[in-house]
1. Would it be correct to say that V494 is among the hydrophobic types (A, V, I, L, M, F, W, C), free of Cβ contacts under 8 Å to residues at least 60 places away in the same chain, part of a loop (DSSP other than H, G, I, E, B) and buried (at least 21 other Cβ atoms within 10 Å of the Cβ)?
2. Filter segment 268-308 down to residues that are of a type in the set (D, E, K, R) and modelled with pLDDT under 90 and give me whichever is farthest from V356 (Cα to Cα).
3. Does V324 satisfy the criteria of being on the phi < 0 side of the Ramachandran plot and surrounded by fewer than 20 Cβ atoms within 10 Å (Cβ to Cβ)?
4. Does D295 count as surrounded by 13 or more Cβ atoms within 10 Å (Cβ to Cβ), out of contact with any helix residue (DSSP H, G or I) (no Cβ under 8 Å at 6 or more places or on another chain), not in a loop (DSSP other than H, G, I, E, B) and not aromatic (F, W, Y)?
5. From the list E230, E207, E195, exactly one residue is at pLDDT 70 or above, exposed (fewer than 14 other Cβ atoms within 10 Å of the Cβ) and farther than 30 Å from A29 by Cα. Which is it?
6. Report yes if L479 is outside the structural domain of R397 (by TED's automatic domain parsing), at pLDDT below 85 and buried (at least 21 other Cβ atoms within 10 Å of the Cβ), otherwise no.
7. Restricting to segment 267-292, name every residue that is buried (at least 20 other Cβ atoms within 10 Å of the Cβ) and of a type in the set (D, E, K, R).
8. Would you call Q515 in contact with a Phe, Trp or Tyr (Cβ under 9 Å, 6 or more places away or on another chain) and closer than 21 Å to E545 by Cα?
Amino acid sequence: MAKGGKRPIKWSLRATVISIIVAGIVVPALFLVALEPKLSSGTDPALGAPYRHDILNQAAASLETLPSQDALEPWLQKLLAHPDVCAIELDRGLSRPPGPARYASHCASGLKLYWAEIAVNMPATSPATLRVGFEPGLPTALLQERRWAMWRLVGLQLALGTLAMLAVMSLLLLHPLRRLKHQAMALAAPGRNAEEATTLRWKRADEIGELGQQLNHASGRIADLVGELENSNIELRRLAMYDQLTGLPNRRLFKELYDHAQAVARRSRGTMALMFIDLDRFKQINDAHGHAAGDVLLLCISQRLRDTARESDIIGRLSGDEFVALLPQAQNFEAIAHTALRLIHAIEEPVVIDAVGTKVRISATIGVARFPRDGEDFDDLLRHADQAMYRAKSMGRGRYALYRDGDVQAMPAPINDETDTEIQHALTRQELMMFYHPVVDTRTGQSAGTEALMRWRHPHRGLLTPSQFIRRAEKAGVLHQLAARAIDLACAQVAAWKGQGRFPGSIAINVSDAQFRHEDWLETLSIALKKYRVEPGELEVELTEATLMSDPEHTDERVRALREMGVGLVIDDFGSGMFSLTRLMALQPNRVKLDPTFVQSMEDNELSRKMVASMVRMGRGLGWEVIAEGVETTSQRDMLGRLGCPLQQGYLFGEPQAALKEPPWPLPTWSIGGGLPAAPKVAANAAMLAPGYIEPGNSPSQARKRPKAH
C-alpha cells in the first residue's frame with residue numbers, strides 16, 4: 001500500500017508501448033476515417049461545380065436552340081434522363097419564386113440537392129431562368145476512389161508506423177530492458193547466473209548502456225560480497241561447530257553427530273560406545289613449558305586420535321585436555337577395549353613440543369559408557385563416561401574403565417606442587433630403597449625366592465609404601481623413573497648376593513600397568529640385566545591379571561621379549577580378576593600368586609578352600625609354581641600344605657626387610673654357588689624364627705589387619 005492509502009499503479013512497459021502506438025498512430029487514423037464523410041460532404045460541391053456548370057451551360061445552349069415550344073417537353077425529358085440530374089425548373093419570370101420541380105425517377109426522395117441556375121433566352125418568349133437540381137454525390141466515382149485511396153494510405157501508414165514503432169521500441173528499449181532485468185534478477189540469485197550477468201557487454205553509450213554498465217559493476221561487487229559472506233558464514237560455522245585449535249568437532253557439533261548416530265543405532269538396534277578421554281598431568285606440562293607447547297601437544301594428540309580411530313568413529317574435543325570419541329559400531333567388550341587401548345598407546349608416544357626437540361610424554365585415562373545400556377541421552381551418557389573415567393583415575397592413570405551402576409563422580413585430589421618436588425627429590429637423593437619379602441617352601445623352611453618391594457624413606461613422614469606415593473609419582477610424571485630405579489636396585493641386589501654366594505632364589509619386581517606399557521621399559525630392563533650380569537631365571541616380573549588382560553596383543557609381545565631376556569613371568573593376585581584359560585595358555589607364566597582374599601577366608605569358608613584347591617591343582621597340572629600370598633597364621637600354612645601348596649608368602653614368615661649383606665632367612669642349598677658351604681637344612685618350622693613371626697596364640701583376625709606386603 002502506497003503512502004496516503006493509494007494503491008500503486010501497475011502498468012507494464014509493454015502495455016505502455018502499446019498505449020503509445022495506439023495513441024500516436026491508431027487513434028489519429030481512426031479519427032481521420034470517421035471524419036472523412038463530413039469532410040467529403042463539404043468538398044463534394046466544390047469538386048462537382050465545374051462539372052455541373054458544364055451540364056448547365058450545355059442545357060441552356062440547347063434550350064435556346066429549340067425550334068418551337070412543342071420541343072420543350074421532349075428536351076426536358078432528355079435532360080432529366082441524365083444520371084446526375086434529379087430535378088429541373090424553368091422559370092419564365094425571374095421575379096417569381098421557382099415553381100414545382102420535376103424529379104428524375106432514378107433519384108431517391110429526401111435528398112438534399114445541389115441547385116444551379118442559368119438565364120436563358122427562349123425563342124418567342126421572354127428571358128427565363130433554368131434551374132437544375134444535381135445529386136449530392138457528384139462526382140461519386142471520383143470521391144469513392146479518393147476515399148479508398150485514403151483508407152489504403154491510412155492502413156499502410158498504420159501498419160508501417162506500428163511496425164516501425166515496435167521495432168524501434170524493441171531494439172532500443174524492450175530488449176535492453178530485458179537484459180537489465182536479467183542482470184537485476186541475477187543480483188538476487190548469486191552463482192552461475194550472476195557470473196553470466198557480469199559478462200554482459202554494453203556498447204551503447206546512452207542512458208540504458210550506462211545503467212547496464214553500472215549493473216555489471218554492481219553485480220561483480222555483489223558477487224564478491226556474497227563470496228566474502230559465504231566465506232564468513234563458513235568460518236562462523238567452523239567457529240561455532242569446530243574446535244579452533246584442533247579442528248575437531250566441539251561439544252555442539254559432536255552432540256548433533258551423536259543424535260544422528262543414535263537414530264541410526266535405534267533403527268538397526270545397534271550399540272554404541274562413548275569414550276571420555278582425559279589427558280593426565282596436562283596442566284603441569286602447560287605450566288612447565290608454556291601454553292604454546294601445550295597447544296602443540298594438543299594438536300599432536302588430536303591428530304593421533306584421528307589416525308588411530310576407525311573411519312566410522314567420531315572424535316571431538318570438549319575443552320582443555322578433554323576429548324570424546326564415539327564408536328557407532330561397538331558390538332562387544334573386546335572391540336571397545338581394543339580401541340581404548342589403541343588410543344591410550346597412541347597418546348603415550350613422546351611428543352616434540354618445541355624447535356629444540358624437547359620431548360614430553362603424557363598418558364590418558366578413558367571412561368566408557370555404552371548405548372543403550374548406560375543411557376540414551378547424550379548428556380546422560382557423557383556424564384556416565386566421565387564418572388567411569390574418574391574411577392579409572394582412582395585405580396591409576398593411563399587406563400580405561402567401563403561405566404557401572406553406582407559409579408559416582410569423585411573429583412581428583414588437587415595436585416600439590418610441593419609433593420611433585422618431593423617425589424622428584426626422592427629420586428635424586430637416593431631416598432627410594434628396596435625391601436625384600438621371601439617366598440618360603442614350607443616343606444624345607446627355606447626361601448624359594450623373594451619379592452622386591454620399593455619403599456620411600458621420607459625425611460619427615462618416615463617409611464612409605466608404594467600405595468602412599470605411587471599416584472604422586474604418576475601426577476609428577478616420574479613413574480617411569482620410579483620403575484627404572486626399582487629395576488636398577490633389584491638387579492644390583494641380585495649381583496651383590498650372588499657375589500657373596502648367598503643368593504636366595506629369583507627376585508620378583510612388581511610392575512604397574514602404566515610402567516609395563518611404557519615404551520622405554522623393556523630397554524631399561526635389558527640395560528640393567530646386562531649391566532649387573534643377571535642370568536636367566538634370576539629375575540622375575542610380577543604383573544596383575546588386569547594388566548595382562550587389558551591389551552592382549554601388546555602384552556603378548558612384551559611377554560615374549562621378557563622370555564627372550566630370561567626374565568620370568570609371575571601373575572599376581574591370581575583369581576581376583578577376569579582371566580580366560582586361553583590367555584593363561586598363551587602367556588605360560590612361571591608362577592602364579594593366589595589372591596590373599598582366598599587364603600585369608602578359607603579357614604571359615606569351604607567354598608574358598610575348594611577354590612584354592614582347584615587353582616592349585618590346575619597350576620600344578622599346567623607346570624606352574626603356585627604361591628599362596630597373605631599367609632598369616634599357622635593354620636593357614638598347614639591347610640595350604642595339605643591342599644598341595646607348599647610355596648607361601650606372608651607375615652607369618654616375616655615382614656619385608658631392607659637388603660642386608662646376608663638375607664635374614666634360611667637359604668636353599670641349590671642357590672649357593674662357587675663352592676661355598678651350604679646352609680644347614682632346618683626343620684619345616686625354621687622359618688618361624690625369622691623376624692616378624694606371629695605366635696600361634698595371635699588370632700587370625702588380628703593378623704588380617706596387617707597390610708599387604710607390597
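1. So V494 fails the test.
2. If we take residues in segment 268-308 being of a type in the set (D, E, K, R) and modelled with pLDDT under 90, then R269 is farthest from V356 (Cα to Cα).
3. No.
4. yes
5. Matching residue, one of E230, E207, E195: E230.
6. Considered against the rule, which asks whether it is outside the structural domain of R397 (by TED's automatic domain parsing), at pLDDT below 85 and buried (at least 21 other Cβ atoms within 10 Å of the Cβ), L479 comes out as yes.
7. Answer for segment 267-292, where residues must be buried (at least 20 other Cβ atoms within 10 Å of the Cβ) and of a type in the set (D, E, K, R): D278, D280, R281.
8. yes
The values are calculated or read from the model by the stated rules, or taken from the named source; none is laboratory data. Just so it is clear, the structure is predicted and the values come from calculations on it, not from any experiment. Methodologically, a virtual Cβ is constructed for each residue, glycine included, from the backbone with ideal geometry; neighbour enumeration extends over all protein chains shown.
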